[in-house]
Amino acid sequence: MRHVFSVAIGPVGFRLGSDWRGPVAALERLYASYPGPQDGIADFTVRLFADRPWRRIFRPKVMIGGDFVLPEAAPLSLEHGLLAAEMAMNLQMALGQRRYLLLHASAVERNGKALVMTGLSGAGKSTLAALLMTRGWRLMGDEFALLDPATGLIHAFPRLISLKNEAIGVMQGAAPDGMFGPLLADTPKGAIRHLVPDERSVAAMLEPARPALILFPTFGHDAATREVAPSEVFVRLTQASTNYVALAERGFTALTRLVAETPARAIDYPDTESAIAQVEALWASL
Amino acid sequence: MGLALDGRLLARALADPASVATLDSAGWQALLTMARAELLSATLAHRLDGIAKPAAAQRFLDDAKASCAQGRLVALWEVEMARRALGDLGVPVVLLKGSAFIAAGLAAGQGRFVGDLDILVPRAELDRVEAALLGAGWEWVKPDPYDDAYYRRWMHELPPLIHRVRDRMIDVHHTILPPTARPTPDADALIADSIALPNGLHMLNSDDMICHAAAHLFADGDLSGGMRNLWDIHRLVDDFGIAGLAERARRHGLAPAVRRALRLSHALYDTQLRDGWARSGSDDDLYLRRLTARDGWGRQTRPVTRLGFYVRSHWLRMPPLMLARHLWTKWRKQAG
């Protein structure tokens, strides 16, 4: 392929090939502090390509390819090439990851212990994780938490933090010195802007952590906290995992262990300040 | 690396595991990506057991192996489900392809990816088999009346059935090539000479397994997945030899396909053959070009060659007038 970019995100190596320079240039800038794949061998290959030769130049359309693909994925415009790259890498994880149980969750770490936050899209798990990163926590990831069936530990996957719509302004205020990607307007998910995880989160990305609290945040209600029964935690986490079925017994054993050993709470929060206070209070009470 | 970057890189690693010692990181990356694209990564993992390799490659292959082991379990369970559904009919049920390899513990099953469950039953028993499967939770995949009628009239198998709970497909064959194809394998002999497994199901005898693999490759398909199919043939020949193969292939009208399969398997994987078999055919190079049309990014290459084989596959499958009618119907449906 014309343009090539390789990176390690946590324990996973990626190789990206692109028909255009643009997406690769953006990735090189934003992932500058990340190492390359171990031994120069990536776990997953992704490709950004034009489905017809003239589409490279004339009204370019970015198709997403790679080791694992979804049929009939819609192409993106070249302005959204960075988003296409991130989506392509996420897709490999969602469809192809077999070493770890993949939880669609954000995770942060303090004192060697991990807080795992999961919930429906829009619950604020990305934003909360990014905010906690600015307040002394290590960001382990805003999209996927990797549960190791062999050890029960959570491994970090600190890809670029994907901020959507209102969260962009919130984080520009909270992390004025942060390194941001270009503002991607009018994507299929609205406005998106990427934030690079801070130096410390990237430097420590190979250090796993023992899960200490599972949190189900919901935005838009008065502040409230409730316990969540293990049965409910288990079912919600199976739904939050893309490879639970594929991992079969390994996945079941890993997940039941996680649920049995880790307390879980649901919180409602009216604004991010309340959420942070609720998290800190819960964490202190563990 | 000194080797053209196409499927031959993967073929060489499978045939001669020690050859990976010369690979640099770019070579490993290309090899692993190709193997994954050809659904041969777990096969490669088993072949490279005990061979020194970079840690990242080891990890990649360990993942492939674990994933394959799970797939094997699921495939064996599907075999057992079919046995429970069909065991009492008093009908011989012959496992085909990957399911047979793993159920019988053959070398060809080591690391083998198994997708659908393929079985062969006597044509006269199709209705009873179909009814038993429908009664046990399988359902039609293709509700389209044209496709359904096409399968029943012109194909060597029932329209595919999928299990409503387990989401797994079963292909019920009554022979190994479409009735419209030129060669007509002896379906009765396939079943009569099949080998019983401990669970009461059957598998084809080794010569017929090779005939089937060759028929699938050269008399039916467009050679996609050909590296995998030829690897099956390579392992079967390794395990069982080819003493009675020529005569058996003639009986099924598959002598040319089987000869070609062995020549190409020899060319790609260095399959050990007796004198006479390995003499190369005039257009073997073209077949090899098609079989190895894969680059280090996992992409299919050589579109013109591939298109040629695609057209050929339809040409082989049905007479010209019928082909025209079929493509016309399909095209109108797509347009509409």
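Quick rundown of the values:
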item	result
Averaged over A:34-43, number of beta-carbon atoms from partner chains that fall within 10 Å	6
Helix B:126-135 vs. chain B, principal-axis angle (Cα, 0 to 90°, nearest 10)	80
Which listed pairs, of A:LYS61/A:LYS113; A:LYS61/B:LYS333; B:LYS97/B:LYS330; A:LYS61/B:LYS53; A:LYS164/B:LYS53, have C-alpha distances above 32 Å, in listed order	A:LYS61/A:LYS113; A:LYS61/B:LYS53; A:LYS164/B:LYS53
Test item: B:63-73 mean partner chain Cβ contacts at 10 Å	3
Mean ellipticity per residue at 222 nm, deg cm²/dmol - from DSSP H runs of n ≥ 4 across the protein assembly as shown, formula -39500 (n - 2.57)	-13500 deg cm²/dmol
Distance between modelled label sites at A:TRP54 and B:ASP24, nm, 7 Å Cα→Cβ extension	3.9
Among A:221-233, B:165-177, B:239-251, the order from most to least packed when residues are scored by Cβ within 10 Å on average	B:165-177, B:239-251, A:221-233
Residue-wise HN-Hα coupling along the range A:157-173, computed from phi with Karplus coefficients 6.51, -1.76, 1.60 (Hz; x: Gly, Pro)	9, x, 5, 4, 6, 9, 9, 10, 6, 4, 4, 4, x, 4, 7, 5, x
Helix B:25-37 vs. chain B, principal-axis angle (Cα, 0 to 90°, nearest 10)	0
Dipole magnitude of chain B about its Cα centre (Cβ charges: Lys, Arg +1; Asp, Glu -1), debye to nearest 20	880
Interchain or long-range residues, amide H under 5 Å from B:ARG168's placed H	B:HIS163
Note, ³J(HN,Hα) from phi for the range A:18-29, Karplus 6.51, -1.76, 1.60, rounded to Hz, x at Gly and Pro	9, 6, 10, 6, x, x, 5, 4, 5, 5, 4, 5
Amide H partners (placed H, <5 Å) of B:THR301, local residues excluded	B:ARG294, B:ASP295
Principal-axis tilt of helix A:81-96 within chain A, Cα atoms, nearest 10 degrees	60
DSSP-defined antiparallel bridges as percent of all bridges, the protein assembly as shown, nearest 5	70
Amide H contacts under 5 Å for A:GLY13, placed H, 5+ residues apart	A:ASP43, A:PHE44
Counting DSSP beta bridges with both ends in chain A, the antiparallel % (nearest 5)	70
For the range A:188-196, 3J(HN,Hα) per residue [Karplus equation, 6.51 cos²θ - 1.76 cosθ + 1.60, θ = phi - 60°, Hz, x = Gly/Pro]	x, 9, x, 7, 10, 9, 8, 10, 6
For the range B:120-187 and the range B:225-263, distance of Cα centres in Å	25
Nearest-0.05 FRET efficiency for B:TRP328 and A:LEU183, computed from C-beta distance (R0 60 Å)	0.75
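Values quoted throughout were computed directly from the atomic coordinates according to the rules given, and no laboratory measurement underlies them. Note that the structure is a prediction, hence the values are computed from the model and not measured. We place every Cβ from the backbone using ideal geometry, glycine too, and count neighbours over all the protein chains shown.
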